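Novice: One structure, as structure tokens, below. Some questions next.
We did not get these values from a lab; they are worked out from the coordinates using the rules stated. Since the structure is predicted, the reported quantities are computational estimates derived from the model, not experimental observations.
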């Protein structure tokens, strides 16, 4: 008779104690490598979207944020792929961000732009809890975008244009959602 109890979750490998971490497919790099910095920025964004989603009063906003989080996980997989391993990644079972994700984001942005939202110039975050979390996520989106651009400019890492476009549009979306939440 076999033991059907679940195996304990082991995440403390201690392999990172020396300041190194793994990219996909086992390549070790410093935790200060631009690829890890970019991944960290996307991870922070994803976490803040989780906070925004948890406190969001609009059910439609929660659904949008959940969908964005799924795309960010796919983006993180691609960013975690070492240079020169793109074909291996493409043939892997990892979920990939499809260009259709950008089209969906564009459609939501267009819909929100057509609503009677008003903002007297630059928004001041903190007019409401939901809006404050969304504005924080917007700021983290811009940081993730900058870190990916830095990674692209300073290394040989290929970043598909659709990923940068997605993050740029995501910032717009989060601004619009925050303004709608303030209503």
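Novice: Looking only at 30, 139, 92, which one moves most when the chain is put into a Gaussian network model with springs between Cα atoms under 10 Å?
Specialist: Maximum fluctuation in the GNM of the chain, among the listed residues, is at 92.
Novice: How large is the Kirkwood hydrodynamic radius of the range 54-117, counting all unique pairs of alpha carbons, in Å?
Specialist: Its Kirkwood hydrodynamic radius stands at 13.8 Å.
Novice: Please report the base-10 log of the normalised intensity I(q)/I(0) for the range 98-155, using a Debye sum with one equal scatterer per alpha carbon and no solvent, at each q in 0.16, 0.23 (1/Å).
Specialist: At q = 0.16, 0.23 Å⁻¹ the computed log10 ratios are -0.77, -1.11.
Novice: Could you state the orientation-averaged shadow area of the convex hull built on the Cα atoms of the range 69-168, in nm² to one decimal?
Specialist: Mean orientational projected area (the range 69-168, Cα hull): 7.8 nm².
Novice: Rounding to the nearest 10 and keeping the result within 0 to 90°, find how far the Cα-based axis of helix 59-79 lies from the longest principal axis of the chain.
Specialist: With both axes taken from Cα atoms, the answer is about 30 degrees.
Novice: For n ≥ 4 DSSP H runs only, could you compute -39500 (n - 2.57) per run for the chain, divide by its residues and tell me the 222 nm figure to the nearest 500?
Specialist: Only helices count here, giving -20500 deg cm²/dmol.
Novice: Build a GNM of the chain with springs between Cα atoms under 10 Å: which of 14, 160, 146 gets the top mean-square fluctuation?
Specialist: 14
Novice: How far, in degrees from 0 to 90, does helix 129-154 lean away from the longest principal axis of the Cα atoms of the chain, to the nearest 10?
Specialist: Around 50 degrees separate the two axes.
Novice: Still on this model: How large is the Kirkwood hydrodynamic radius of the range 1-95, counting all unique pairs of alpha carbons, in Å?
Specialist: Across the range 1-95, the inverse of the average 1/r is 15.8 Å.
Novice: Mind checking the angle between helix 34-55 and the chain's longest principal axis? C-alpha axes, 0 to 90 degrees, to the nearest 10.
Specialist: 50
Novice: Need the full-extension length gain, residue 146 to residue 90, defined as separation in residues times 0.36 nm minus the C-alpha distance. One decimal, nm.
Specialist: Result: 17.7 nm gained on full extension.
Novice: Rg/Rh for the range 128-183 to two decimals, with Rh computed the Kirkwood way over all alpha-carbon pairs.
Specialist: For the range 128-183, the value is 1.11.
Novice: While we're here: Could you give the alpha-carbon Rg of the chain over 2.2 N^0.38 Å, rounded to two decimals?
Specialist: Rounded to two decimals, the normalised Rg is 1.16.
Novice: I've got another one for you. Could you check which residue among 31, 53, 100 shows the biggest mean-square fluctuation in a GNM of the chain with a 10 Å Cα cutoff?
Specialist: Checking each option, the largest mean-square fluctuation is seen for 100.
Novice: If contacts are Cα pairs under 8 angstrom and at least 6 residues apart, what is the relative contact order of the range 54-183 in percent?
Specialist: Relative contact order comes out at 34 percent.
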